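Report on the structure given below.
The values are calculated or read from the model by the stated rules, or taken from the named source; none is laboratory data. The structure displayed is predicted, hence computed values, not measured ones. Note that each Cβ is placed from the backbone with ideal geometry, even for glycine, and that neighbours are counted across all protein chains shown. SASA here: full protein model, heavy atoms, side chains in, ligands and nucleic acids out. Shrake-Rupley method; radii C 1.70, N 1.55, O 1.52, S 1.80 Å.
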Number of protein chains: 2
Amino acid sequence: MNTEGDKPLKVAVLGCGVVGSQVVRLLGEQSGDLAARVGAPVEIAGVAVRRLDAPRDVDVPAGLLTTDALGLVTRGDIDVVVEVIGGIEPARSLILAALENGASVVTANKALLAEDGPTLYEAAEKAGRDLYYEAAVAGAIPIVRPLRESLAGDKVTRVLGIVNGTTNFILDKMDTQGSGFEEALEEAQALGYAEADPTADVEGFDAAAKAAILASLAFHSRVTAADVHREGISDVTSGDVRSATDMGCVVKLLAIAELNATESGEEAVSVRVHPAMIPRSHPLASVREAYNAVFVESEAAGQLMFYGPGAGGAPTASAVLGDLVSVARNHRQGTRGVGESAYADRAVLPMGETRTRYHVAIDVDDRAGVLAAVATAFATHDVSIQTVRQEGRGDDAQLVVVSHEATDAQLSATVEELRGMDTVREVTSVMRVEGTDE
Amino acid sequence: MNTEGDKPLKVAVLGCGVVGSQVVRLLGEQSGDLAARVGAPVEIAGVAVRRLDAPRDVDVPAGLLTTDALGLVTRGDIDVVVEVIGGIEPARSLILAALENGASVVTANKALLAEDGPTLYEAAEKAGRDLYYEAAVAGAIPIVRPLRESLAGDKVTRVLGIVNGTTNFILDKMDTQGSGFEEALEEAQALGYAEADPTADVEGFDAAAKAAILASLAFHSRVTAADVHREGISDVTSGDVRSATDMGCVVKLLAIAELNATESGEEAVSVRVHPAMIPRSHPLASVREAYNAVFVESEAAGQLMFYGPGAGGAPTASAVLGDLVSVARNHRQGTRGVGESAYADRAVLPMGETRTRYHVAIDVDDRAGVLAAVATAFATHDVSIQTVRQEGRGDDAQLVVVSHEATDAQLSATVEELRGMDTVREVTSVMRVEGTDE
Ligand SMILES: NC(=O)c1ccc[n+]([C@@H]2O[C@H](COP(=O)([O-])OP(=O)(O)OC[C@H]3O[C@@H](n4cnc5c(N)ncnc54)[C@H](OP(=O)(O)O)[C@@H]3O)[C@@H](O)[C@H]2O)c1
Ligand SMILES: NC(=O)c1ccc[n+]([C@@H]2O[C@H](COP(=O)([O-])OP(=O)(O)OC[C@H]3O[C@@H](n4cnc5c(N)ncnc54)[C@H](OP(=O)(O)O)[C@@H]3O)[C@@H](O)[C@H]2O)c1
């Protein structure tokens with residue numbers, strides 16, 4: 001229990017960029033409320049940056065800025081370190097030094113957690129300190145805490161997340177304005193939703209880091225970014241988006257973590273990021289613009305969804321400060337909150353064994369026997385067909401096939417075979433289908 | 001810290017009905033996971049019921065059932081008490097006895113918390129024990145914990161909740177099937193979404209209890225059910241629903257808690273439950289059937305929404321067990337989680353001073369000067385008009401007025417005056433408008 005009276009809690013903030021500047025601002029503006037909620041005043045002990053003289057979005061109190069981040073975290077009187085520098089190094093070394101020096105840590109660093117989380121979790125465990133990271137997944141949206149605490153008495157079976165605002169913005173524009181990918185990307189860049197080099201977002205790297213963190217939390221297992229099958233949205237065409245519309249679906253980039261059965265009947269984690277068609281009636285379908293949302297299925301609770309802004313300085317700082325209050329309370333009481341738990345230690349399923357559904361649009365010759373030939377290709381690979389729709393005639397003839405669940409390997413072998421068939425002119429669209437009831 | 005090794009945690013479950021039976025089932029089925037997450041085995045010490053021989057949805061292990069709830073909670077070795085009896089007494093006395101006897105408590109009892117929460121919070125504080133109640137608001141949806149912990153570094157300004165599944169089901173049917181209220185209510189009853197006596201749901205009592213709890217949490221103040229302005233949905237007509245559709249809106253029963261400025265410029269809490277029109281583009285508009293959702297606006301995070309099943313045995317039990325794991329962990333460590341906090345101690349604003357917007361549909365005589373007369377009635381009460389739309393001609397002439405924000409008192413005085421006017425045949429629909437940007 002609290003033996004320190006109202007001794008202020010000393011917080012070191014590492015980084016004062018988009019997120020850090022808002023953390024510093026809120027620490028100032030909310031200081032009365034924070035003190036009431038923590039049970040002691042919260043004081044900024046220092047703010048580490050790379051360049052002392054860079055312009056900042058906040059007035060950092062004189063004397064607090066320093067370029068010696070390591071000196072700050074190891075100076076001996078720091079209770080909580082907030083790491084909002086980003087990237088692997090020096091963030092990792094600084095977090096490890098903070099924990100070794102008895103500080104608790106709050107970080108927004110998805111890249112580091114997805115690459116080397118276990119090193120950090122073990123260091124926190126060893127130090128008996130907290131390492132909280134609500135802001136690392138889906139910005140302001142409370143999702144880490146609900147998964148770790150609210151659902152601690154339930155069994156999560158699937159997580160489907162729209163966890164990258166840039167790609168959601170692009171796909172939303174393709175859907176609602178009929179834009180092509182390039183045009184929508186340019187619009188996103190013009191509005192500041194996409195960076196000049198959009199690779200990390202568009203190719204799904206950012207979403208993959210979050211998928212790894214979500215999978216680890218949901219399934220109490222260790223999943224890193226390297227385990228995540230990743231496909232971006234740069235190959236999504238206007239035709240795919242129209243095909244989705246025709247099916248009553250919309251295309252979203254999803255971060256998916258789910259329990260699948262292995263061939264020997266054990267439960268393994270399938271974790272992947274790829275564009276997928278989901279029904280327009282699905283709660284995720286109405287997530288527009290750059291918003292994020294995480295849809296969670298669990299055995300007892302059923303279907304839950306958490307929605308909000310997935311990025312931005314102030315929203316992300318809100319999540320950081322929520323963690324800061326928890327961590328500060330624990331620190332004062334000499335306790336720890338819920339730490340990482342990997343007790344279930346489930347294996348990660350190779351993508352080929354993951355069970356999914358495919359939507360395949362095929363330009364075909366309009367002659368007798370084509371449908372039978374296509375159906376045979378599916379049957380050969382043990383993929384059962386849910387619906388086939390024929391569209392157009394003559395030169396415009398198209399078959400649109402939606403499969404039942406099969407392994408991804410069976411499905412891609414089927415598509416491979418279709419591509420080699422005489423009667424098939426072109427396979428114009430191949431996309432996974434998610435969020436349906438089967 | 002844990003000084004008790006792996007000594008099992010003893011849980012007393014009070015009530016074994018819709019929710020209690022699922023709590024007992026999950027405690028059995030999830031025991032391995034629960035032990036891993038709590039850090040010790042969790043053991044059911046007893047299950048209190050009213051009738052020993054009643055049929056149950058779960059096989060309660062022999063010897064655990066008892067009708068002596070008080071004997072169970074006071075027997076001396078109980079670590080955690082789960083109260084899922086409901087109602088005021090004996091639930092309140094049992095919770096107080098549990099806390100006095102050193103147990104931590106998890107409850108789903110919104111009625112009790114809304115009526116007499118402070119008595120319980122003080123008892124928990126005094127005993128140094130936890131009192132958790134995630135299941136009391138919006139069933140399975142994690143909302144208490146996000147408000148209390150995730151947003152602890154932010155300032156919540158408004159909460160809009162669809163927190164009653166029965167009324168959402170009825171309004172959804174009126175919207176999508178064009179049903180009248182009675183017809184939709186009968187459908188809800190036939191499907192088990194509404195009780196034979198639907199008063200508590202339909203007249204907004206259930207939502208008002210949840211509104212009080214949400215307001216207390218969001219604004220760190222004490223708000224009870226008696227503070228909540230409450231209007232149900234039994235007067236909502238097909239005409240209102242159609243008017244909403246014409247405006248691009250949908251009618252929902254909302255539990256609203258927001259910060260409003262008093263005339264002297266202080267911040268006070270407005271807390272109310274009433275049907276309202278919200279734009280179809282609002283995230284709450286797509287909450288269908290009996291689902292619940294809570295939409296939260298805060299200064300830094302912006303707009304968040306939490307969605308899921310608001311009732312049902314298993315979903316509610318999921319929330320209870322999430323709390324149980326937290327409380328059990330704290331109990332073992334000899335600490336407490338975040339307790340109730342009423343430090344902000346804000347006043348509750350009378351409904352008359354609450355600022356809202358009105359949608360008013362008026363059957364008028366189709367002659368020159370009618371619009372001017374209606375506009376004058378609004379102006380007299382200092383209510384500014386956002387839009388007026390004239391519909392129909394002759395005997396069918398109707399004016400549809402949407403006001404800007406004004407106090408509820410000004411707005412109802414305006415409607416009163418309209419009702420007395422010569423040129424006004426009938427005020428056919430009056431409804432508040434929420435979730436718009438003004
Ligand atoms: N931006 C978002 O919307 C968002 C959302 C969720 C999570 N996050 C995560 O939050 C973290 C920070 O993101 P951000 O957007 O705020 O980044 P940012 O704007 O680039 O800011 C990075 C800050 O770190 C400082 N810095 C860089 N190297 C340093 C070093 N060696 N020592 C001390 N300080 C150093 C920089 O100093 P100078 O200012 O002097 O250059 C800058 O203030 C990242 O992990 C990111 O993934 C961001
Ligand atoms: N049902 C939901 O979907 C839902 C959702 C959210 C929150 N809640 C809340 O959860 C609580 C329980 O609701 P419920 O639907 O499970 O109620 P329920 O089905 O009516 O069950 C009540 C249980 O309490 C027992 N009981 C009644 N009086 C008792 C007494 N004096 N001593 C010992 N046991 C007694 C009953 O025993 P017998 O079985 O022997 O009659 C029964 O098992 C309520 O506070 C409710 O508001 C319910």
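Annotations for the structure displayed:
- When the surface is traced with a 1.4 Å probe over the full set of protein chains, A:Cys249 keeps roughly 10 Å² accessible.
- Distance cut-off 40 Å, percentage of C-alpha pairs in the protein assembly as shown lying past it: 42 percent
- When accessible surface is computed with a 1.4 Å probe, chains A and B are found to bury approximately 4000 Å² between them, both chains counted.
- Within the protein assembly as shown, helix-based [θ] at 222 nm, where runs of 4 or more DSSP H residues each add -39,500 (n - 2.57), nearest 500: -10500 deg cm²/dmol
- Kirkwood hydrodynamic radius of region B:218-268, Cα pairs, Å: 13.9 Å
- Ascending list, in nanometres, of distances separating the A:Gln386 label from those of the other copies (7 Å, Cα toward Cβ): 4.0
- In plain terms, if you count all Cα to Cα distances in region A:106-209 and split them into 10 Å steps from zero, the share in each step is 13, 34, 30, 17, 5, 0 percent.
- Available extension along the chain between A:Thr237 and A:Ala409 is 59.6 nm, counting 0.36 nm per residue and deducting the alpha carbon span.
- Listing of region B:145-163 residues, each with accessible area lower by at least 50 Å² in the full protein assembly than in the chain alone (probe 1.4 Å): B:Arg145, B:Glu149, B:Ser150, B:Ala152, B:Gly153
- At 7 Å out from Cα toward Cβ: A:Asp246 inter-copy label distances (nm, ascending): 3.9
- Residues along region B:274-313 losing 40 Å² or more of accessible surface when the other protein chains are present rather than the chain by itself (probe 1.4 Å): B:Ala300, B:Ala301, B:Gln303, B:Leu304, B:Met305, B:Phe306, B:Tyr307
- Radius 13 Å from Cβ of B:Arg419, net charge of other residues (Lys, Arg +1; Asp, Glu -1): -4
- Taking every alpha-carbon pair in region A:216-346 and binning the separations at 5 Å intervals from zero gives 2, 8, 12, 15, 19, 18, 13, 7, 4, 2, 1, 0 percent.
- Dipole of region A:310-422 [Lys/Arg +1, Asp/Glu -1 at C-beta], most positive-end residue of A:Val327, A:Val415, A:Ala317: A:Val327
- Estimated dipole of region A:63-169 in Debye, rounded to 20 [Cβ of Lys and Arg +1, of Asp and Glu -1, Cα centre]: 360 debye
- Translational D in µm²/s for chain B (Stokes-Einstein at 37 °C, 0.692 mPa s, Kirkwood Rh from C-alpha pairs): 141 µm²/s
- Considering only A:Leu284, A:Gly337, A:Tyr193, the residue lying farthest towards the positive end of the dipole of chain A is A:Gly337, judged by Cα position with unit charges set on Cβ.
- Exam field: B:Glu89 pseudo-label spacings to other copies (7 Å along Cα-Cβ), nanometres: 7.0
- Degrees between helix A:370-380 axis and first principal axis of chain A (Cα, 0 to 90, nearest 10): 50 degrees
- Crossing angle, helix A:18-29 versus chain A [Cα axis fit, 0-90 degrees, rounded to tens]: 40 degrees
- Simple rule: put +1 on each Lys or Arg Cβ and -1 on each Asp or Glu Cβ in chain B, find the dipole, and look at B:Gly128, B:Gln22, B:Gly308; the Cα lying farthest toward the positive end is B:Gly128.
- Selection of chymotrypsin sites (Phe, Trp or Tyr not before Pro), region B:318-412, meeting DSSP coil and at most 16 other Cβ within 10 Å: B:Tyr343
- Our note on the geometry: Cα centres of region B:258-333 and region B:189-234, 13 Å apart.
- Rounded to the nearest 10 Å², the accessible area of B:Glu289 at probe 1.4 Å: 60 Å²
- Sequence-distant lysines (8 or more away, or on other chains) whose Cα lies within less than 17 Å of A:Lys173: A:Lys252
- Percent of beta bridges antiparallel (DSSP, the protein assembly as shown, rounded to nearest 5): 70 percent
- Dipole check for the protein assembly as shown: with +1 at the C-beta of Lys and Arg, -1 at the C-beta of Asp and Glu, and the Cα centre as origin, the magnitude is about 1940 Debye.
- Probe 1.4 Å - accessible area at B:Ile141, Å² to nearest ten: 0 Å²
- Stokes-Einstein, applied to the Kirkwood radius of region A:353-433 over Cα pairs at a viscosity of 0.692 mPa s and 37 °C, places its translational diffusion at 266 µm² s⁻¹.
- Restriction of the trypsin sites (Lys or Arg not before Pro) in region A:51-139 to DSSP coil positions whose beta-carbon has at most 10 other beta-carbons within 10 angstrom yields A:Arg51.
- Crossing angle, helix A:205-219 versus chain A [Cα axis fit, 0-90 degrees, rounded to tens]: 80 degrees
- One quarter of the convex hull surface built on the alpha carbon atoms of region A:144-309 amounts to 10.0 nm², the projected area averaged over directions.
- Charge context of A:Glu266, other residues only, Cβ under 13 angstrom, K/R +1, D/E -1: -3
- When restricted to Cα atoms, region B:296-392 yields an Rg and a Dmax of 25.1, 77 Å, respectively.
- Under 18 Å from a label point set 7 Å out along the Cα-to-Cβ vector of B:Glu263, the amide N atoms of region B:387-408 belong to B:406-408.
- Summed side-chain charge close to B:Val156 - residues other than B:Val156 whose Cβ falls under 15 Å, Lys, Arg +1, Asp, Glu -1: -2
- Region B:144-309 - charge dipole about Cα centre, Lys and Arg +1 at Cβ, Asp and Glu -1, debye rounded to 20: 540 debye
- Per-pair calculated FRET efficiency, R0 = 51 Å: B:Glu416 and A:Asp396 via Cβ, rounded to 0.05: 0.20
- Per residue solvent-accessible surface (Å²) - the protein assembly as shown, probe of 1.4 Å: 37 Å²
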